[in-house]
Amino acid sequence: MTGRRLTSLLAFVTTTAAGASLLTGCGVLPGATGGSREPVTVMTWAPDQTRATNMPGMPAMAQTFARWVNAQGGINGHELRVLTCNEQNSAAGAAACARRAVREDAVAVVGSYSQNGRAFMAPLEAAGIPYIGGYGLTEDEFTSPLSYPVNGGQASLLAGHGMQLAETCRRVSLVRPDTLAGDKLPSLLNSGLRKASHRSAVDIPAVEDAAEYSRQAARARERAGAEDGCVTAVLGERTQTFFDSFRRLPGNGGPGSGDGTNAENAENGENGDPVRISSVLGSVGQPVIDRTGGAHSPFEGAYVTGWYPEATHKSWEPMRKVIREHAFADNRVDPADAGVQTTWIAYTVLKTVIESLDSDRISSVQITHALDRGARIDTGGLTPPLRWKYEDLLAAPGFPRIVNQAVTFQVVRDGRLVAQKPGFVDVGTAVLTAP
């Protein structure tokens, strides 16, 4: 082959390859420099269309985040590709999602929800894939060296909720799932109650996906007592069902039981049922309050403990702007939903880490090393600054990888979740002292 023919052939091959690259979307991203940086593939999973708790807003928020960053040229020039998976609220579903993440070369699983930590962490650990910003339901999320939680999980919520209730409740009834994860909730709530030398809560296990809870509701009200008693339910999506059963008990009415009386009267013990209701974010949130009647909701006057500032806080405005501009008409992406909020924070972590690496190719090993070496994440006031170096870990029994030990105390007033106490409350000591 002559030199001229070889040159012509090389020119043809180069031109054809470039055209194919552009046609398949693997070429230059808008705003990227030179198109030399490889796409980054991650996964977000959550249960959807199941009989128990569903979190469709989390994968939807992940896709919205990807549309936003890709419209700006990607994350530091890397196109963000988000895989989503229905975890189905089952161990088999969680394991299948994790295996798919491995099979499709995801460099991280980000902002996901699952109660089946043992099922999904093993495949991720075997492949070296980090789990960033899970919802915080399982012990595995706070023990695995490849898990990087952005909140204190159910542990911090329950311990914080005990501290919140101890200020006004004489006796507390806790209705919680009759599951392995649910079995840990009473001791955590009690650790918070003990911060005020309070007696332990009455533990009332319940089936997580029951159609009604009349028996448990009656027992919870009876054991809470008529004098400054509190009933708290932590049943995920079925919390609404429980409080509907509670509201229907003979003699119920008044604040916190659906008559719409202003919550300030409830706090002063006026004009209503002496039993106050309460819960934690994720079991009760603004979307649930809106669906059940707003100011006339059964949750009017309820205490709620959350991980993050109230949904109307100015710190959420960047997320709200992205949702307005890139979620389009997807009503799964509710900015007041705790799952959507957690996913936004988790992807903020991912974005910050990828930008800090400044590499043409991003791997799971690079992400893990950056987080382990102490990458510090500023979430814009949505959490305290996040960092996962050894000295940042709370090292609580069962939850050693908690780095964010802050919660917020909120209350439902006129149908809106608002701050009961401004700023964050540190619950680290309460979590550490839980049995």
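The values are calculated or read from the model by the stated rules, or taken from the named source; none is laboratory data. Source: prediction; values computed, not measured. Please note: Cβ atoms are built from the backbone with ideal geometry, for glycine as well, and neighbour counts cover all protein chains shown. Side chains are part of the model used for accessible areas, which takes the heavy atoms of the whole protein and leaves out ligands, DNA and RNA. Shrake-Rupley method; radii C 1.70, N 1.55, O 1.52, S 1.80 Å.
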Select from the stretch 366-395 the residues that are in contact with a strand residue (DSSP E or B) (Cβ under 6 Å, 6 or more places away or on another chain) and closer than 13 Å to A406 by Cα and list them in ascending order.
P384, L386
Of (1) assigned to a loop (DSSP other than H, G, I, E, B); (2) at pLDDT 95 or above, F120 fails just (1)
Restricting the search to the stretch 395-412, which residues are more than 19 Å from the chain's Cα centre (by Cα), hydrophobic (A, V, I, L, M, F, W, C) and not in a strand (DSSP E or B)?
A395
Quick check: is even one residue across the stretch 160-169 outside any loop (DSSP other than H, G, I, E, B), touching a helix residue (DSSP H, G or I) at 6+ places or on another chain (Cβ under 9 Å) and charged (D, E, K, R)?
no
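With the condition kept exactly as written, say whether any residue in the stretch 114-134 is open to solvent by less than 10 Å² (accessible area, probe 1.4 Å), aromatic (F, W, Y), touching a Gly at 6+ places or on another chain (Cβ under 8 Å) and touching a residue at least 24 places away in the same chain (Cβ under 8 Å). Don't jump to the end; show me each part of the working.
Within the stretch 114-134, the first condition is being open to solvent by less than 10 Å² (accessible area, probe 1.4 Å), and the residues that meet it are 114, 117, 120-121, 124, 129-134.
Subset that is aromatic (F, W, Y): 120, 131.
Remaining after also requiring touching a Gly at 6+ places or on another chain (Cβ under 8 Å): none.
No, that holds for no residue.
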Within the stretch 327-342, the count of residues that are of a type in the set (G, A, S), assigned to a loop (DSSP other than H, G, I, E, B) and touching a Gly at 6+ places or on another chain (Cβ under 9 Å) comes to 1
Any hit, the stretch 378-388, residues being at pLDDT 95 or above, assigned to a helix (DSSP H, G or I) and surrounded by fewer than 13 Cβ atoms within 10 Å (Cβ to Cβ)
no
If we scan the stretch 306-326, do we find a residue that is open to solvent by less than 10 Å² (accessible area, probe 1.4 Å), at pLDDT 95 or above and in a strand (DSSP E or B)?
yes
Would you mention how many residues in the stretch 100-122 are under 13 Å from the mean Cα position of the chain (by Cα) and not hydrophobic (A, V, I, L, M, F, W, C)?
5
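The rows are residues; the columns are (1) under 26 Å from V403 (Cα atoms); (2) open to solvent by 30 Å² or more (accessible area, probe 1.4 Å).
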| position | (1), (2) |
| --- | --- |
| S144 | yes, no |
| P149 | yes, no |
| V175 | no, no |
| D178 | no, yes |
| K195 | yes, yes |
| S200 | no, yes |
State all residues of the stretch 123-149 that are farther than 19 Å from A181 by Cβ and within 15 Å of the chain's Cα centre (by Cα); if no residue qualifies, say none.
I132, Y148
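Conditions tested, residue by residue: (1) modelled with pLDDT of 95 or more; (2) buried (at least 18 other Cβ atoms within 10 Å of the Cβ); (3) closer than 18 Å to V333 by Cβ.
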position: M1; (1), (2), (3): no, no, no
position: E38; (1), (2), (3): yes, no, no
position: W45; (1), (2), (3): yes, yes, yes
position: A71; (1), (2), (3): yes, no, yes
position: H78; (1), (2), (3): yes, yes, no
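Can you confirm whether E167 is acidic (D, E) and closer than 17 Å to I277 by Cβ?
yes
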Within the stretch 347-387, work out how many residues are more than 26 Å from D290 (Cα to Cα), of a type in the set (A, V, I, L, M) and under 22 Å from the mean Cα position of the chain (by Cα).
9
State the number of residues belonging to the stretch 297-341 that are more than 24 Å from D244 (Cα to Cα), in contact with a Ser or Thr (Cβ under 9 Å, 6 or more places away or on another chain) and hydroxyl-bearing (S, T, Y).
2
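Considering V407, V412, which residue is among the hydrophobic types (A, V, I, L, M, F, W, C), within 30 Å of E167 (Cβ to Cβ), open to solvent by less than 50 Å² (accessible area, probe 1.4 Å) and in contact with an Asp or Glu (Cβ under 6 Å, 6 or more places away or on another chain)?
Numbers: V407 fails: in contact with an Asp or Glu (Cβ under 6 Å, 6 or more places away or on another chain).
Matching residue, one of V407, V412: V412.
Is there a residue being within 26 Å of the chain's Cα centre (by Cα), of a type in the set (D, E) and farther than 20 Å from S156 by Cα anywhere in the stretch 230-244?
Within the stretch 230-244, one or more residues are within 26 Å of the chain's Cα centre (by Cα), of a type in the set (D, E) and farther than 20 Å from S156 by Cα.
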I'd like to verify a number: residues in the stretch 49-65 that are more than 14 Å from V340 (Cα to Cα) and out of contact with any Asp or Glu (no Cβ under 8 Å at 6 or more places or on another chain), how many?
2
When you go through I354, I362, I345, I367 one by one, which is the residue that is outside any helix (DSSP H, G or I), at pLDDT 95 or above and buried (at least 23 other Cβ atoms within 10 Å of the Cβ)?
I362
Yes or no: R223 more than 19 Å from P287 (Cα to Cα), among the basic types (K, R) and either in a loop (DSSP other than H, G, I, E, B) or touching a residue at least 40 places away in the same chain (Cβ under 8 Å) (or both)?
yes
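Against the condition touching a His at 6+ places or on another chain (Cβ under 7 Å) and β-branched (V, I, T), how does T64 come out, does it pass?
yes
From the residues in the stretch 97-111 that are in a helix (DSSP H, G or I) and touching a helix residue (DSSP H, G or I) at 6+ places or on another chain (Cβ under 9 Å), which one is most open to solvent (accessible area, probe 1.4 Å)?
By that ranking, first place goes to R99.
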Check on A210, at pLDDT 95 or above and either open to solvent by less than 30 Å² (accessible area, probe 1.4 Å) or not in a helix (DSSP H, G or I) (or both)
no
